[in-house]
Amino acid sequence: MKDLSTHTRLTPEQWENRLNRFINNMSRNASVQTTLSTWDLSFENKLLNLTGRVLPAERILQGARAVRGTTENTTAHDTCRTLAECSVCAQYEYNPCDADWSKEMRGLPLMTSMPLETWLLSHTRRNAEVAHSLLQTLNKVPVGIHLQRPGMMEYDDRQEALLRALQQRVGQQVQMVVVILSANRKDKYDCVKKYLCVDCPTPSQCVVARTLSRPQTLMTIATKISLQMNCKMEGEPWSVEIPLKHLMMLVSTDTTTVPQERDPSVHWWPASTRACPAALKAYFKYNECLPSRIVVWATACC
């Protein structure tokens, strides 16, 4: 995929060079010119230049001491999200052309970090060492998440054994379940997600053991896992300066592909017509006001 991206993810300058090269090749091809002349068509030698507006990069705000439940920090963050003037938040520079600030945010605590006090780390006997390495690295990730020691849950490398272990150990008090899968098996992944999303709703994080087997990349992988776990527990990794906190509610839609089904495309809306009142109640509980606008956007409808 990396080699393929060098041909598909081009900069505007690279696209311009390729289009100019394409036009030059057509202009030198007698057969192409003969075909175009029958239709009285021709191409300019260069692309048309237009002066466009260059928007400034979004200012990324990331908490330095942000912890939910602290009145001082909460008030400060409510102000800094509109004025971008806060002694609690860290601000950093990044390249807006890449839309990637993962390197810049390393070593900085998150905007809102949720404490993880009761959670499970599930693994097979063969991957026990991998699980302990992941746990040690998660405690070293400097993003401000307070991690208590998890309950270690060992299971046999069979789907029914994994499901039985989840049924026995996961209760209402469990905040998060991290499952280390021995292989990239869709049936086991679906088993975990079905039980922890439908039968016993609990935030979960699955990771393949092979992904954790390289010590040189373990810190990077653990950082990404920490960010995902924090977001699944309603934490916030970072924020941008959008002064519309009390004006709108954002609702995302998505399309999921299920190749085995007769109709492979499933369109879902997390806050659909039936769930919209509940979403509004949750919005009011968190923001103490109702939105004046509801913005709906599609993430993968093409």
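For Lys281, which lysines qualify as cross-link partners when the Cα separation must be under 17 Å and same-chain residues fewer than eight apart are set aside? Once the sequence-local lysines are set aside, what remains near Lys281 is Lys245.
Between Glu160 and Phe284, the FRET efficiency estimated from the beta carbon spacing at R0 = 45 angstrom works out to 0.60.
Counting 0.36 nm for each residue step from Val296 to Leu147 and taking away their Cα separation leaves a gain of 50.1 nm.
In plain terms, the residue of Arg18, Arg28 with the fewest other Cβ atoms within 10 Å comes first and the most crowded comes last, giving Arg28, Arg18. Note on the range 99-161: Cα Rg divided by 2.2 N^0.38 Å, N the number of residues, gives 1.40. Which shape class applies to the range 119-219: rounded if a/c is under 1.5, otherwise prolate when a/b exceeds b/c and oblate if not, where a ≥ b ≥ c are the square roots of the Cα gyration tensor eigenvalues? Taking the square roots of the gyration eigenvalues as a ≥ b ≥ c, the range 119-219 is oblate. For the residue pairs Lys194/Lys232; Lys2/Lys193; Lys140/Lys224; Lys103/Lys193, the C-alpha atoms sit more than 22 angstrom apart in Lys2/Lys193; Lys103/Lys193. You can think of it this way: the chain between Ala99 and Lys186 has 28.3 nm of extra reach, that is 0.36 nm per residue less the Cα-Cα gap.
Among Thr202, Thr38, the ranking by other beta carbons within 10 Å of each residue's beta carbon, starting with the fewest, stands as Thr38, Thr202.
Values quoted throughout were computed directly from the atomic coordinates according to the rules given, and no laboratory measurement underlies them. Bear in mind that the values here come from a model prediction, so they are computed numbers and not experimental data. Cβ coordinates were reconstructed from backbone atoms using ideal geometry, including for glycine residues, and neighbour counts include every protein chain displayed.
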